[in-house]
Amino acid sequence: SQRGATPAPFTTADATSVRRLWEPLGLPGIVDIHTHFMPDNVLAKVWSYFDSVGPLLGREWPIAYRAGEQVRVHGLDAFGVRAFTSMIYAHKPEMAAWLNSWAGAFAAREPRCLHTSTFYPEPGAARYTRSAIDAGTRIFKVHVQVGDFSPDDPLLDPVWGMIAEAGLPVIIHCGSGPAPGRFTGPDPVAAVLARFPQLRLIVAHMGTTEYLDFLGLAERYAHVGLDTTMSFTDFAELDAPYPRDALPRVKALGHKIFWGSDYPNIPYPYAHGIESLMRLDLGDDWLRKVL
């Protein structure tokens with residue numbers, strides 16, 4: 001639990017606190033679709049941003065699992081995570097192809113990591129996206145707020161088209177939390193889906209803060225889902241509580257809702273994210289689907 005004494009990260013007690021949550025469900029392990037592994041210099045900049053995010057949010061955001069790459073990989077293994085991702089994202093041109101190359105090499109040496117790729121609205125996007133698909137990527141990630149671009153940018157039309165044709169999922173951070181951007185919110189995403197209705201989009205963070213809009217898109221489109229990343233936790237609920245009257249709809253979409261942690265960039269123990277799902281009281285069957 002986030003309250004009271006909690007085990008230090010990367011300890012046996014920390015791992016046990018996670019395993020005691022999912023093992024009684026009869027699962028062989030869990031799948032975490034929202035974990036961040038990226039080049040060391042990029043991750044250092046991300047951590048620097050979170051270290052200074054206090055003035056932006058009005059409260060601190062300490063990184064609970066700040067450690068070297070192998071320590072972080074072993075941490076997930078100790079939790080019983082059978083598969084995870086390397087959520088990379090480009091915030092400027094001529095960055096995505098380099099990140100994709102790094103992520104491909106990372107997945108090759110870490111077989112439990114789903115080969116992850118990204119893209120950015122730029123002239124070469126279709127070319128390197130095709131290369132990523134041909135290289136066997138399993139999932140894409142884009143971050144609308146950090147990238148400061150619209151998902152509806154015409155430069156991305158060929159990218160969305162080939163990803164939809166390949167049947168690959170895209171985790172997209174497009175909601176306006178924790179801070180709104182010029183292109184965040186449901187409208188640009190809805191415009192993309194109107195043109196590419198077969199696109200497999202997974203909206204990160206349950207669509208924070210436009211929860212109901214993105215829940216509606218998941219109900220409308222057969223291949224649109226949501227990830228639980230940071231949602232329902234004490235930290236998230238303080239500023240952006242999930243509307244409790246929508247939980248029956250969340251329960252009905254259990255087959256399209258996926259566990260995501262945001263590890264290692266979370267300001268609380270890993271177990272708290274799973275505990276936060278359990279206290280919704282949506283049932284063990286729902287938890288099994290999500291986890």
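The values are calculated or read from the model by the stated rules, or taken from the named source; none is laboratory data. Given the structure is predicted, the values throughout are model-derived calculations rather than measurements. Methodologically, a virtual Cβ is constructed for each residue, glycine included, from the backbone with ideal geometry; neighbour enumeration extends over all protein chains shown. Ligands, DNA and RNA are stripped out before the accessible areas are found, and what is left, the full protein with its side chains, is counted by its heavy atoms. Shrake-Rupley method; radii C 1.70, N 1.55, O 1.52, S 1.80 Å.
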Could you work out which residue, out of Arg112, Arg200, Arg20, moves most in a Gaussian network model of the chain, that is, has the largest mean-square fluctuation with Cα springs under 10 Å? Arg20
Heavy-atom accessible surface of region 31-113: percent carbon and sulfur, 1.4 Å: 58
Of all the stretches in the chain, which is the longest one without any exposed loop site, taking GluC sites (Glu not before Pro) in a DSSP loop (any state but H, G, I, E, B) with at most 12 other Cβ atoms within 10 Å? 95-291
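How much net charge surrounds Leu27 when only other residues with a Cβ under 13 Å from its Cβ are counted (Lys, Arg +1; Asp, Glu -1)?
+1
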Report, for the chain, the % of DSSP beta bridges that are antiparallel, rounded to 5. 0
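What shape does region 212-266 have by the C-alpha gyration tensor, where a ≥ b ≥ c are the square roots of the eigenvalues, rounded means a/c under 1.5, and otherwise prolate means a/b greater than b/c and oblate the rest?
Because a/c hits 1.5 or more and a/b fails to exceed b/c, region 212-266 counts as oblate.
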Springs between alpha-carbon atoms under 10 Å, Gaussian network over the chain: tell me which of Tyr128, Tyr221, Tyr49 tops the mean-square fluctuations. Tyr49
Roughly how much of Asp234 is accessible, in Å² to the nearest 10, using a 1.4 Å probe? 40
With charges only on Cβ, +1 for K and R and -1 for D and E, what is the dipole size of the chain about its Cα centre, in debye, rounded to 20? 500
Which Cα, out of Phe37, Trp47, Val146, lies furthest along the positive dipole direction of region 16-148 (beta carbon charges, K/R +1, D/E -1)? Phe37
Among Thr12, Thr118, Thr85, whose mean-square fluctuation peaks in a Gaussian network model of the chain (Cα, cutoff 10 Å)? Thr12
Accessible area in square angstrom per residue, region 152-291, 1.4 angstrom probe: 37
Which whole-number value in Å² is the accessible area per residue of region 3-122, probe 1.4 Å? 45
Asp285/Arg112 FRET efficiency (R0 25 Å; Cβ-Cβ; nearest 0.05): 0.50
Express the carbon and sulfur contribution to the solvent-accessible surface of region 151-195 as a percent, rounded to the nearest whole number, probe 1.4 angstrom. 59
Going 7 Å from the Cα of Gln198 along its beta-carbon direction, which residues of region 156-177 have the amide nitrogen within less than 13 Å of the resulting point? 161-168
Mind grabbing the base-10 log of I(q)/I(0) for the chain at q = 0.10 Å⁻¹? Debye formula, identical points on the C-alpha positions, no solvent, two decimal places. -0.49
Using modelled amide H (1.01 Å from N, peptide plane; none on Pro or chain starts), what sits under 5 Å from the amide H of Phe258, excluding residues fewer than 5 places away? Leu226, Asp227, Thr228
